[in-house]
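Presented below is the structure to which this report refers.
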Amino acid sequence: MIVKRSFMLVISLYLLGCVVVMNLKAQMVNPSIDNPKEPFSYYSKPTDVLGVMDGKWGTEVTPEGYLYTGYGELMFFTGNPPEPVNHRVKTLFKGYFPIISYQFEKNGIQYKLTAFAATLDGKPDSPLMNFIRVRV
């Protein structure tokens, strides 16, 4: 009797889980939000990592375009009053080099952000440095 009730409970939970999964909506964004002159991204919240080969450390490039090291996050703001930047689509230099860049226009001003990471002595175990250039 206990086995039968346990079996029925497992089946009920499985069916409930199937119903919940079927009703979840995918987190895909509408392609019309992307600028047709910029690259397309399938991901609604893409992330990238800046680092060196065989290195212990890395810096996450968040979906908004901020840099997160695990200890702190460098956010970018524009305007007065300051508003946080939120740029989803980022590109790699020449399509494959680990140099992230993105550009956007806000209030008639064109911004371009480029970032990469390296160690100062070239050894992968050394502390990682992030290099960031913002052009206005």
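The values are calculated or read from the model by the stated rules, or taken from the named source; none is laboratory data. Bear in mind that the values here come from a model prediction, so they are computed numbers and not experimental data. Virtual Cβ from ideal backbone geometry, glycine too; neighbours counted across all protein chains shown.
Structure notes:
- Check on Ser32, part of a helix (DSSP H, G or I), small (Gly, Ala, Ser), under 30 Å from the mean Cα position of the chain (by Cα) and modelled with pLDDT of 65 or more: yes
- Count of residues meeting criterion [over 16 Å from Asn130 (Cβ atoms) and touching a residue at least 12 places away in the same chain (Cβ under 8 Å)] in region 73-82: 2
- Close Cβ contacts (under 9 Å, 6 or more residues apart or on different chains) running from residues in region 50-62 that are part of a strand (DSSP E or B) to residues that are among the basic types (Lys, Arg) comprise Val61/Lys90.
- Every residue from region 114-136 that is assigned to a strand (DSSP E or B) and in contact (Cβ under 8 Å) with a residue 60 or more places away in the chain: Ala115, Phe116, Ala117, Ala118, Thr119, Leu128, Asn130, Ile132
- Gln110 under 25 Å from Asn30 (Cα atoms), among the polar types (S, T, N, Q) and exposed (fewer than 12 other Cβ atoms within 10 Å of the Cβ): yes
- Which listed residue, of Lys56, Lys90, is basic (Lys, Arg), closer than 29 Å to Gly122 by Cα and surrounded by 12 or more Cβ atoms within 10 Å (Cβ to Cβ): Lys90
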